[in-house]
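Single-structure report; data block below.
Each value in this text was obtained by applying a stated rule to the coordinates, not by laboratory testing. Bear in mind the structure is a predicted one, so any value in this text is a computation, not a measurement. Counting neighbours? That spans all protein chains shown, and the Cβs are built from the backbone with ideal geometry, glycine included.
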C-alpha cells in the first residue's frame, strides 16, 4: 500500500503501466497462439474433420413481432395447435369417419299451378284469302309465317323464294313484292290461301292433327270458288290430304311432285255420276309443288325451279286459251 492510500484509504488509484502492458502482452500472446494454431490446422481446414458438439439456437421471447389483429392471432393459434396435435403428426390406426352427405334441398312448390294450354299461342294473322270465283290457279300454303301474319302479305319473309319462283316460272310477268299479294287475282288469275291459318315461326311447329283438321276447310273453299287447279306449296300439305282421304300415311313410292291423278281432284264429292257435281264440275286438279321456305334445304334451287317450271307452263297455256292477258287489270272469270 502506498503512502497516499495510507493517508486516504478511500482513494482509488489508476492501474499502473505494468497492468496495461500485461494486458497488451496477453493479447499479443493470444494472437501469436492463434497464428500457430492456424499453421498447425492447415489454415483451419483440419477443423472440418473434428467432432463438434451441436449447438441449438433458441429464440428468446424478447424478439419483436409485428402487431397482429385479433383475427390473425386466432388463425395463428389454431394453425399451431393443429400442427402440434398428435393426431396431425401420427397416422390414425382407425379409419376416419366419412363426411356426412348433405341432403339435397327440396324446393317449395308454388301453390299456384301453371296451366299449359293445349292450343299453342300465336299472334293473330292479318293475312286474308284471295279466292275469287273461277281462278286458273289457287296456291295453297302451309300457314303464315310471323312476318306474313303481322304484315298481312303472303310469303313476306325476305328469305322465302315464293315471289322469285313465281316470276322465274312465268306465272307472273314481273317479280312482285309481297305487298302485291292482293293484286294477283286481277293480274294473273292466281289466288292464295293456306291449310292452317295460325301463324308460326316455321311449319315444323304445326302438329299433324292441326294440319289434318284444315283439309275439310280447304275442300269447302275449293268447292265454293271452283278454281281450275290447286298448287300445294309444300309436300306436307299433300301428306295431310292423303292421310285424311286414305286413312294412312302416303308411302314413299306413292309420292311424286307435279300433277296427281284426276281421282285426287279437290273440292268435289265423288258420287255415282263419275265425280262431277250438279254443274258438271269435276273438281280442281292437284299439283304438288315444292316448298318455298328458306329454311328447307332438302332440295336445291335448281331442283325446285324444274318443278315450278312445269306448273308455270300450264298456267301460261291456260291463260292463252282463255284469252287472259297477264299483267293487266281484268277479271279472272272468263
The range 137-322: relative contact order from alpha carbon pairs under 8 Å, six or more residues apart, as a whole percent, is 28
I need two numbers for the range 137-322: Rg to one decimal and Dmax as a whole number, Cα atoms only, in Å.
15.9, 48
I want the antiparallel fraction of DSSP beta bridges within the range 144-295, as a percent rounded to 5.
35
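Could you rank the peptides 222-231, 279-288 by their average count of other C-beta atoms within 10 Å per residue, with the highest value first? Don't skip to the answer; put the middle values down first.
Details: 222-231: 20.1, 279-288: 18.1.
Order by mean packing, descending: 222-231, 279-288.
If a/c stays under 1.5 just call it rounded; otherwise compare a/b with b/c (prolate if a/b is bigger, oblate if not). Do that for the range 181-283, with a ≥ b ≥ c from the square roots of the Cα gyration tensor eigenvalues. Intermediate results must be reported in sequence, preceding the final value.
Numbers: a/c = 1.70, a/b = 1.11, b/c = 1.54.
In terms of gyration-tensor shape, oblate.
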Please give the peptides 316-323, 124-131, 154-161 ranked by average Cβ packing (other Cβ atoms within 10 Å per residue), highest first, as a rough proxy for protection.
154-161, 124-131, 316-323
Euclidean distance of C-alpha centroids, the range 194-242 and the range 126-190, integer Å:
15
I need to check one value: relative contact order of the range 124-247, counting alpha carbon pairs closer than 8 Å and at least 6 residues apart, in percent.
39
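What ranking do 242-254, 196-208 get when scored by the average of other Cβ atoms within 10 Å per residue, highest first? Could you put the intermediate results ahead of the total?
Working: 242-254: 11.5, 196-208: 16.1.
Descending mean neighbour count gives 196-208, 242-254.
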